[in-house]
Amino acid sequence: MKTAASAAACLSILLLAACGRTEPVGDAPSQEQLAAAANAAAAKALESQQAVSEAESRNYVNVERGFSITFPEGWTIDKGASTPDGVVYEDPGAGADVRVFWDRNDKDQTLQQIVEAISNGAEGVDGDFVGENEYRGTANDGEGNNVAVRLVRQPDGSVVSATFVYPEMLSEQYQGMAETVLSSLRVFAPKGEAEAGTTPAQSANAAAPAPAAK
């Protein structure tokens with residue numbers, strides 16, 4: 001009898017100890033809480049993915065022609081005006097746009113000659129040459145818009161031109177943005193030359209890193 005009583009007492013102690021280690025039912029997350037946590041995790045992952053997609057959409061890279069540029073946040077591509085040689089991005093509500101295009105430069109013009117042609121077709125052209133292969137300047141299109149210009153002549157003679165056009169009355173808002181966007185232009189060996197193993201020297205300052213445009 002004593003043995004049975006002792007066994008019963010030990011069993012009771014074990015059961016009590018086991019119950020003491022068990023989490024109370026009320027502390028376990030409910031199905032609603034689990035679902036909410038899963039939805040929050042999914043929303044966070046989607047937000048992160050959208051942020052990456054947006055950053056990628058702002059970074060235009062033309063491997064065939066050998067250049068890239070970063071556009072301001074919130075701007076949209078004008079697919080109708082874009083071609084395999086370049087792209088146009090617009091600020092939806094302000095009448096501003098950025099145009100970046102590659103030109104074969106069949107006439108083998110120097111940058112000085114190209115700038116002279118720009119001067120003949122615009123007003124108030126002012127700028128500076130950066131070495132022999134780059135030009136940065138500003139102009140007015142005669143229709144109330146300021147134009148920030150950056151030209152880079154590639155080693156093969158072709159030219160990448162980037163223009164940032166914005167209403168003159170919004171100069172305070174867009175001038176700094178224009179400088180940032182045009183500074184983000186990078187020129188590198190086009191796909192054909194890179195595959196052939198030839199890497200011509202990059203134009204002066206053409207590949208200098210720049211802060212992201214906002």
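Where a number appears in this text, it was derived from the coordinates with a stated rule and is not lab data. Model, not experiment: these values are computed from the prediction. For neighbour counting, all protein chains shown are included, and Cβ atoms are generated from backbone atoms with ideal geometry for every residue, glycine included.
For region 108-193, report the % of Cα-Cα distances exceeding 18 Å. Of all Cα-Cα distances in region 108-193, 44 percent exceed 18 Å. Extending 7 Å from the Cα toward the beta-carbon at both LYS191 and ASN120 defines two label points whose distance is 3.5 nm.
Derived scalar couplings between HN and Hα for region 99-109 equal 10, 10, 9, 9, 10, 5, 6, 4, 7, 6, 6 Hz in order, rounded to whole Hz, by the Karplus curve 6.51 cos²θ - 1.76 cosθ + 1.60 (θ = phi - 60°), x for Gly and Pro. Residues whose amide H lies under 5 Å from that of ASP78, counting only those 5 or more places away or on a different chain, are VAL88, TYR89, GLU90; hydrogens are built 1.01 Å from N in the peptide plane.
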